[in-house]
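Below you'll find the structure, written out as structure tokens, and then a few comments.
The values are calculated or read from the model by the stated rules, or taken from the named source; none is laboratory data. Quantities reported herein were computed from a predicted structural model and do not represent experimental measurements. A quick note on method: Cβ atoms are made from the backbone with ideal geometry, for glycine too, and the neighbour counts reach across all protein chains shown. The area values use the complete protein model at the heavy-atom level, side chains included, leaving out ligands, DNA and RNA. Shrake-Rupley method; radii C 1.70, N 1.55, O 1.52, S 1.80 Å.
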Amino acid sequence: MEAKVCQSAQLPARISWKNLARKSSNSLHFCRRNGERKSYLAPSLNLLTGKGRTQGPMVLTVLCSSKNVPASVLESGSLPSSSDESMILHNKSEGIEPYLNGRCIFLVGMMGSGKTTVGKVLSEGLGYSFCDCDTLIEQAAGGSTVAEIFKMYGESFFRDSETEALEKLSSMHRLVVSTGGGAVIRPINWRYMQQGISVWLDVPLDALARRIAAVGTDSRPLLEQESGDPYSKVLSQVEIFLKKKKNGF
Ligand SMILES: Nc1ncnc2c1ncn2[C@@H]1O[C@H](COP(=O)(O)OP(=O)(O)O)[C@@H](O)[C@H]1O
Ligand SMILES: O=C(O)C1=C[C@@H](OP(=O)(O)O)[C@@H](O)[C@H](O)C1
């Protein structure tokens, strides 16, 4: 099963079986073809389920608008032109649900790749609950924000809490989990995420920078708030993180 949605501003992104690469038993990522690199503004979501594998790949590809669509609009599904994407994602998720056997979906990807936005739409389509791993960590820390946790306790405390949260989530069912952008770094986190199906939202750097610059860096403490053009600042910082994390995906 393959679904493609291409807005006029985008080239078709055909994800074929040979573009899919297996990271581990339950994890998938795909490689963008070079020619599409510039206009391919993702997210593109591919699911290969156990059942689908015996019948050939099950691919769900949803391309979203090249504009920075506010989360509220994507979630509401009320954008008439560009985002019928959320409706298509919703509808296609319904088709995939029977193949999942209740397994959780862990969305991984860089900050700003759309894990939260896409996760909410996907969970509705699947009839799953949605869980934001960062929110779970904040609750465990008594309501402090991610930024406050970094400031008060440091990054390694945050990473330990993230691992604990993923451990808890790994024993659950029928959840779409939006992980933090750094969750892919620790191998132990992959062990937990392998209890479900992990899906990488692979979004080009310039789109990440554009999205993050548009919403600001308040909730992303790893990005230093420097003065100057927000897009360029975010772009250079996110590029460094992407290099560090690339092997994680
Ligand atoms: N597919 C998309 N197309 C355009 N903008 C998007 C898309 N997905 C998310 N966004 C926007 O990008 C920003 C970051 O999205 P978010 O879901 O918070 O990412 P993450 O959870 O991966 O950090 C939000 O402002 C959101 O509205
Ligand atoms: O990339 C990272 O290391 C992080 C990404 C953030 O999540 P998002 O990916 O939801 O922004 C959050 O977990 C924390 O600031 C660390």
Tally time: how many residues in the range 212-249 are open to solvent by 30 Å² or more (accessible area, probe 1.4 Å), in a loop (DSSP other than H, G, I, E, B) and not acidic (Asp, Glu)?
7
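Which of the residues spanning the range 116-170 are polar (S, T, N, Q), under 15 Å from Arg103 (Cα atoms) and in contact with a Ser or Thr (Cβ under 8 Å, 6 or more places away or on another chain)? Spell out how you get there, then give the answer.
Keep residues of the range 116-170 that are polar (S, T, N, Q), which gives 116-117, 123, 129, 135, 139, 144-145, 156, 161, 163, 170.
Those left that are additionally under 15 Å from Arg103 (Cα atoms): 123, 129, 170.
Within the range 116-170, Ser123, Ser129 meet the criteria.
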Does Leu201 qualify as being within 11 Å of ligand 1 (Cβ to nearest atom) and not acidic (Asp, Glu)?
yes
Filtering helices (runs of 4 or more DSSP H) wholly in the range 55-163 for at least 2 residues that are surrounded by fewer than 17 Cβ atoms within 10 Å (Cβ to Cβ) and at pLDDT 95 or above gives 133-140, 146-153
Could you tell me whether any residue of the range 185-196 is more than 16 Å from ligand 2 (Cβ to nearest atom) and crowded, with 18+ Cβ neighbours inside 10 Å?
yes
